[in-house]
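> This structure is in structure tokens; I'll ask about it shortly.
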Amino acid sequence: MKELLRTTDMTVIAFAQALLEGEDIACFAMDVNMSVLEGGIGIFPRRLMVHPDNHGAAERVLLDNGIPLGL
């Protein structure tokens, strides 16, 4: 898996996942359970991962929809 997106905004992750799933690009959200360690204040970024073969297409989908990749 290759990192596509990194953000502390959970709504961006959810929106990006919906866009990618709409384009039949499999993705996986990582670090979603970090709130246990941080106390729910949202200081640790979450990451969205895709298969390396789909990375270019996934990048274009997010950028075309105004989502900064945050890397």
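> In segment 35-45, is there at least one residue being open to solvent by 60 Å² or more (accessible area, probe 1.4 Å), modelled with pLDDT under 95, among the polar types (S, T, N, Q) and out of contact with any strand residue (DSSP E or B) (no Cβ under 6 Å at 6 or more places or on another chain)?
Checked segment 35-45: no residue is open to solvent by 60 Å² or more (accessible area, probe 1.4 Å), modelled with pLDDT under 95, among the polar types (S, T, N, Q) and out of contact with any strand residue (DSSP E or B) (no Cβ under 6 Å at 6 or more places or on another chain).
> Within the set of pairs 6+ apart or on separate chains, which have a first residue in segment 46-71 that is modelled with pLDDT of 95 or more, a second that is among the basic types (K, R), and C-beta atoms under 7 Å apart?
M49/K2; V50/K2; P52/K2; H55/K2
The values are calculated or read from the model by the stated rules, or taken from the named source; none is laboratory data. Everything numeric in this text was worked out from a predicted model, so none of it was measured. Neighbour counts are summed over all protein chains in view; Cβ atoms, including those assigned to glycine, are modelled from backbone coordinates with ideal geometry. Ligands, DNA and RNA are stripped out before the accessible areas are found, and what is left, the full protein with its side chains, is counted by its heavy atoms. Shrake-Rupley method; radii C 1.70, N 1.55, O 1.52, S 1.80 Å.
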